[in-house]
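S.K.: Mind having a look at this structure? Questions to follow.
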Amino acid sequence: MEAARIPQFRVDGRQLGLVGLLLGLSVVGWLIIDGRMRGMDAGPGTDPGTLGFYVGVWVVMMAAMMFPSIAPMIVVYARIQRKRREQGKARSGAVAVGLFVGGYLASWTAFGLAAYGLLELGRALSIDALDWDAAGPYVAGGVILAAAVYQLTPAKDVCLRKCRGPLDFVLGYWKPGNGGALRMGLEHGAWCVGCCWALIAALFALGVMSLGWMAFVAALIAIEKLLPWKALANRGIAILLLVLGLAVAFVPDRVPGLTLPDSATAMMHGDHPASPSGEHEGGSGDHYSMVRGGAR
């Protein structure tokens, strides 16, 4: 039974510090994202900015959103590394754990770069039909509806099982050494991307620069990975996304927390966001237009 796998995440005294570190890094990530996104357009179709800006924000965002839900996996991996070190089969467990986490984030960074490429392609093509006052709401709603459908597919189920079974994954994909730790992190990250890519796509449709929608999607990911009722959680999330997608497509002004673009150009034609120094990169126009609707 699926519920029987949850007790794998029993934290002893030696692992409490690791769990606290992961949760602490997640909190720090949320604070950094809050500072970097303050004043930015939080609506659908927000310009991702320059590549350097985007990658920096993306990595921190993934750490903030994902670290709580991958804590069971990291704890199980660290526990096995500790036992191997006690048996003289491994050296530094801390380095291996760090490489595992780094590999995990690298997989999500690869996905983020692919998403960035698609967004930049959309900007380059300047398709007027995608503007918010044209087909924008239907496109955003369609992405969310696609995420709802993916929740019920066999591919989603397979990937989710890999994410929900830390001990099964670690034992089944074990590779020794620091190089093995990095490869295991990459592999687990790939399974996690397979599990959650549609939810992250829905986040782009709702407003990837919105702290509120980030927290909403992060909560959905944690629910389906950590709660014992896998089927119930998965189907419940699918129904929630179905309702949300229809609302965004047909009555976006009634969706709580959804920031509506102030103008048609907000979907595809914005300038790049400001750098930390406050100067705009990649354009002279002000991308931070006032928006109406929900809050960040």
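No lab work stands behind these numbers, since they all come straight from the coordinates. Model, not experiment: these values are computed from the prediction. No Cβ is skipped: glycine too gets one built from the backbone with ideal geometry, and neighbour counts run over all protein chains shown.
S.K.: Fewest to most neighbouring Cβ within 10 Å: what's the order for Ile239, Ile144, Ile200? Walk me through the numbers before you get to the answer.
M.R.: Details: Ile239 11, Ile144 26, Ile200 22.
The fewest-first ordering by Cβ neighbours comes to Ile239, Ile200, Ile144.
S.K.: If I stretch the segment between Ala106 and Arg91 completely, what's the gain in nm (0.36 nm per residue apart, minus their alpha carbon distance), one decimal? Intermediate values should be presented prior to the final figure.
M.R.: Details: separation 15, 0.36 × 15 = 5.40 nm, distance 2.35 nm.
Once the chain is fully extended between Ala106 and Arg91, it gains 3.1 nm.
S.K.: Decide, for the range 13-269, between rounded, prolate and oblate: order the square roots of the alpha carbon gyration tensor eigenvalues as a ≥ b ≥ c, take rounded if a/c falls under 1.5, and otherwise choose prolate if a/b is larger than b/c, else oblate.
M.R.: Prolate shape, in that a/c is at least 1.5 and a/b is the bigger ratio.
S.K.: For the range 72-138, what class follows from the C-alpha gyration tensor (a ≥ b ≥ c being the square roots of its eigenvalues): rounded when a/c is under 1.5, otherwise prolate if a/b is larger than b/c, else oblate?
M.R.: In terms of gyration-tensor shape, prolate.
S.K.: For the pair Asp133 and Ala215, what calculated FRET efficiency results from E = 1/(1 + (r/R0)^6), where r is the Cβ-Cβ distance and R0 = 35 Å, to the nearest 0.05? Don't skip to the answer; put the middle values down first.
M.R.: Working: r = 28 Å, r/R0 = 0.81.
Calculated value: 0.80.
S.K.: Quick one: which residues, 5+ away or cross-chain, put their amide H under 5 Å from the amide H of Thr259? H built at 1.01 Å from N.
M.R.: Gly294
S.K.: Could you derive backbone 3J(HN,Hα) for the range 149-156 from the dihedral phi with the Karplus parameters 6.51, -1.76 and 1.60 (θ = phi - 60°), listing whole Hz in sequence and x where the residue is Gly or Pro?
M.R.: Going residue by residue, I get 5, 4, 4, 9, 8, x, 4, 4 Hz, with x marking Gly and Pro.
S.K.: So what's the net charge close to Ala64: Lys and Arg +1, Asp and Glu -1, counting the other residues with Cβ under 14 Å from its Cβ? Intermediate results must be reported in sequence, preceding the final value.
M.R.: On the way: positive: Arg36; negative: Asp34.
Residues close to Ala64 contribute a combined charge of 0.
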